[in-house]
Each structure stands twice: as structure tokens, then as C-alpha cells.
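Shown next, in C-alpha cells, is the structure this report addresses.
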Amino acid sequence: MGKILNIGIIGVGTVGISVIKTLEENKEIICARTGVDIRVKKGVVRDLKKPRDLTIPLSTDIEDIINDKEIDVVVELMGGIEAAYEVAKKALTNQKALVTANKAMLAYHRYELQQIAGNAPIGFEASVCGGIPIIKALKDGLSANHILSLSGILNGTSNYILTQMIQNHQDFQSALHLAQKLGYAEADPTLDISGGDAGHKLLILASLAYGIDAKPQDILIEGIESINADDIEFANEFGYAIKLLGIAKKQNNQIELRVHPAMIDKNKMIAKIDGVMNGISVIGDRVGETLYYGAGAGGNATASAVISDLIEIARGKSSLMLGFEKSPQVSLKPKDAMESRYYFRLSVDDKSGVLAQIASILTQNNISIGTLLQKEIKHKNIAKILFSTHTTTERAIKNTIAQLQKLDSIIEKPYIIRIEDE
Ligand SMILES: NC(=O)c1ccc[n+]([C@@H]2O[C@H](COP(=O)([O-])OP(=O)(O)OC[C@H]3O[C@@H](n4cnc5c(N)ncnc54)[C@H](OP(=O)(O)O)[C@@H]3O)[C@@H](O)[C@H]2O)c1
């Protein structure tokens, strides 16, 4: 022993505290594996009065870490987008290595950071699916492969809510409240339930897999807020699970990126990933399908990933550059051109002629029905029409929904869920 790696942690909250505790408690094994003593020299927080039960010196001034010549690595665990990006830029400009768990910042600024970093190491294993080593799998383990597709449950909060709705027949609001009570959902759960958080992670994975530079606003992102018991009943009836999936696929030179609830065959491995757990399936052209499963969040699981980056830096590996080589050949597939099968939920006045009107609109858009489930709500004179379609495009679906909405007999906005067959 003899070598020391000094780190400064900006943001000593849930993840920061776990990083410090894990480095202390697992010091022996980490030293044995790296030959380096990884020491936390300082931390930066907003509020020095908060109790934290730590012995490391804390300050509220980011410059205390950025300008400390003895600090080799800046670990950014403060969250947010623009302020964190400024910290990351300053750290790299001051010749420090950077480790971050911040998927939101990377979703917007990963390519700019890569340019600033040059050959400086940037570790971001913790930014996607907490403890699952999916970044290293894509950068190292699968690097001999063309990635044909990847799809995953990238957000534990929404997976927990869906699991409650499906297994315990809760409605969306009660499942969300339970998730908040148990600490699985934040007071403001918007990013988790709207698909935004999964979108951030998908963009990071897609950059590694395909070299595609896209921002959240460029891709299709839908959340789980509108799923109800009818959708779950239809899924059960026809052998599907409903999961919020992040999907990246390459077809010819177009990359399809989307996050949305999806009905998938309930016998697929990924369909069995329940509760707060995350899982990702990656299909490589040589290796075939590989599956990754584990805790997507939580202080300890996320700290495990942060420290794996610190260990790589301590070992002096140079492969820690972001690895987002832009590919000039690929482009983002336009949202309207994406194809899928779809499930529809329609609430209509229960009177004669309505089905014929709906059928006519579907025919005009070249959409044919696969399976159909019709339910009557007797006392209200409302019929629920639940059906799946054969493969069609987003464009045709949008047109169909717009036309259906104009019918007097349609009671609420038609709702669709995409059906993933592959
Ligand atoms: N929690 C997870 O399970 C998890 C999983 C994967 C990735 N991540 C990512 O990890 C990062 C940290 O998450 P977290 O859950 O640890 O958050 P957190 O518990 O809210 O901690 C954030 C820390 O940053 C400090 N901070 C915030 N803004 C600051 C500023 N402007 N200047 C100085 N310090 C500032 C806070 O100070 P105070 O303590 O004084 O308020 C706090 O110590 C986020 O990017 C998050 O997306 C988290």
C-alpha cells in the first residue's frame, strides 16, 4: 500500500453518506482489490446543521473541493441539472476525474462533458439502475457486439406502483400513496411516474449502445398515470404483464427510442421483475440475449456503483472516458414512424351504431382489430370497449384517436398502451 486517491464529495445526502460509510466499512477489501487507499477528504452540502453522523470535514462552498489541489476525484452527488453541470465542468477543467450518479444532468449534457473531459476519467455507473453494473456491461462485457436492442424496467418507483395495481388491485392513486409512505416515491413523484426518469436513463444507455445524441424532448416518453383496472383486466385476460419500459432498437441506421407502459408476454423474464426492482434485457448480435437484474435505487446499491467507478480510477484504467462516441451513420427514428401493436380503451355511450362508427374510423386508418373485450356499465349506460390492434404506426394511431375524439358517443379520451411482441 502507499498510493492514496483523495476524493471530494459534492452532495452528502442519501447516496453521499452511503458512499462514505461503505468506503469506511469495506475499506479492507477495497484496498486489497485496488492497492490504493481511497480517502474522502471533504464533503460539500447546503445545510451544515443537518445531522449526518460523519467525521469528514464539511463545507458549503463547492470551490473548497474544486480548488483543492490534493483532491484527485470529484464525486458529484448533489442532483439537479444545471448547477450539477457547472460543478462537473469546473471539476474537469481543473484536471480532476469526475464520478456522478446524476442521470438528469447526463441526459442533457453528456456530450458536452465528454468534449470537456478529453481523456480525463468520468464514471457514471450509478446513473442508470443504481446497483446494476449495466454501464460496464455495455462498455466492456458486450463491446464486441452490435447491440440489436435493449429494453428495461429502468424506474423502481413506477414498477412498484404497477406491481401494486396488478397484484393487489389498488388504483393508481392508492398505490402511489403507499409508495410514498414506504419511501419508494418522492414527495413530488412526477419524474418517476411520467417516464421522465426512465427517459434520462434510456438516453445514457442508447448513447453507449448506438452513439446517438438525443435529448429527452426528442424522444417518445409517456408515463403510467392513466392506467386503470380495465387495462389490467384486459392484460390478464390475454396473457400480458404491464410494465413501464425504456426501449432502444436499431433498424437499418435508425435508432428507435421510447419510454411508455407496455403490455408484454407475462412469461418473459422481464415481465416477472416486480416491486421496486429494475431489470434490463440487452440483445447483442453475437451474445444473444443477456439479462441484468437488481436494485435500481437506494443509498447502498447506488454507493456500490459509485465506488466501482472510484476503484476503476484508482486502478488507473483509461477506459473510463464517457464512451459516447457519436456515430455519424445513425439517426433518430421519427416518433410517427414507429410501429407496434396497440391496446385501446374506449368508453362510449351504449347505443346502437357506435361500434360501426368506431369500426369505420379504424378502417379509414388501415387499422385492424386483434382481440376484443366489451364491458357494459349497466346503470350508467356506458360501454367499455377494450381491444388490441394488429401492427400499425404511431401516425395512424394519432389520426385514429383524433377522429374518435370527435364522435359524440365517445365519453373519455381514448387510451392506448403499446403491445411489445419481441
Ligand atoms: N437516492 C438514490 O437511490 C439514487 C439512485 C441513483 C441515482 N441517484 C442520484 O444521485 C444523486 C444524489 O441523490 P440523493 O438521493 O443522495 O439526493 P439527496 O439525498 O437529496 O442529497 C443531495 C445532497 O446534495 C446537497 N446539495 C444539493 N444541492 C446543493 C448545492 N447547490 N450545493 C451544495 N450541496 C448541495 C444536499 O445538501 P443538504 O444535505 O445540506 O440538503 C444533499 O447533501 C442525484 O443525482 C440522484 O438522481 C440517487
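Tabulated data for the structure shown
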| read-out | value |
| --- | --- |
| ³J(HN,Hα) computed for each position of segment 26-32 - Karplus, 6.51 cos²θ - 1.76 cosθ + 1.60, integer Hz, glycine/proline x | 9, 3, 4, 6, 5, 4, 4 |
| Separation of the Leu355 and Asn399 label points, Cα + 7 Å toward Cβ, nm | 2.6 nm |
| Nearest-ten-degree value, helix 196-210 long axis tilted from longest Cα axis of the chain | 70 degrees |
| Of all accessible heavy-atom area on segment 137-294, the percent that carbon and sulfur account for (1.4 Å) | 48 percent |
| Estimated FRET transfer efficiency (Asn94, Ala337; beta-carbon r; R0 51 Å; 0.05) | 0.70 |
| In degrees, nearest ten, helix 82-93 long axis to first principal axis of the chain (Cα) | 40 degrees |
| Cβ crowding within 10 Å averaged over residues, with 64-75, 126-137, 91-102, 228-239 ranked highest first | 126-137, 91-102, 64-75, 228-239 |
| Neighbourhood charge, 14 Å Cβ-Cβ cut-off, centred on Asp171 and excluding it, Lys, Arg +1 and Asp, Glu -1 | -4 |
| For a label point 7 Å along the Cα-to-beta-carbon line of Asp37, residues of segment 46-89 with backbone N under 18 Å | 55-57, 70-73 |
| Tail weight of P(r) past 21 Å, computed on alpha-carbon pairs of segment 123-203, percent | 39 percent |
| Solvent-accessible area per residue, Å², over the chain with all protein chains present [probe radius 1.4 Å] | 44 Å² |
| Ordering of 105-117, 357-369 by packing [mean C-beta count within 10 Å, highest first] | 105-117, 357-369 |
| On Cα atoms only, tilt of 394-405 relative to the major axis of the chain in degrees | 50 degrees |
| Greater than 27 Å apart at Cα, pairs in Lys136/Lys249; Lys250/Lys413; Lys139/Lys333; Lys50/Lys181 | Lys250/Lys413 |
| Label-point gap, in nm, between Lys266 and Leu373 - each point 7 angstrom along Cα→Cβ | 1.0 nm |
| Potential lengthening between Leu178 and Asp47 on full extension [0.36 nm per residue; Cα-Cα distance subtracted] | 44.2 nm |
| Cα-derived Rg to Rh of the chain, Kirkwood definition | 1.03 |
| Gained length - Thr391 relative to Asn300, 0.36 nm times residue gap less alpha-carbon distance | 28.5 nm |
| Mean Cα-pair separation over length for the chain, i.e. relative contact order, pairs under 8 Å, 6 or more apart, % | 17 percent |
| Efficiency of FRET from Cβ geometry, Glu25 and Glu70, R₀ 25 Å, rounded to 0.05 | 0.55 |
| Cα-projected label distance for Asn168 with Glu86, points at 7 Å along beta-carbon direction, nm | 4.2 nm |
| Net charge over other residues, Cβ less than 13 angstrom from the Cβ of Ile4 (K, R count +1; D, E count -1) | +1 |
| Assigned charges on the beta-carbon of Lys, Arg, Asp, Glu; segment 33-76 dipole about Cα centre (debye) | 240 debye |
| Segment 1-53-segment 177-225 distance, computed between alpha-carbon centres (Å) | 28 Å |
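The values are calculated or read from the model by the stated rules, or taken from the named source; none is laboratory data. Because the structure is a prediction, the values reported are computed rather than measured. Positions of Cβ are generated from backbone atoms using ideal geometry, with glycine treated the same way; all protein chains shown enter the neighbour counts. Areas reflect the complete protein model, heavy atoms only, side chains present, ligands, DNA and RNA absent. Shrake-Rupley method; radii C 1.70, N 1.55, O 1.52, S 1.80 Å.
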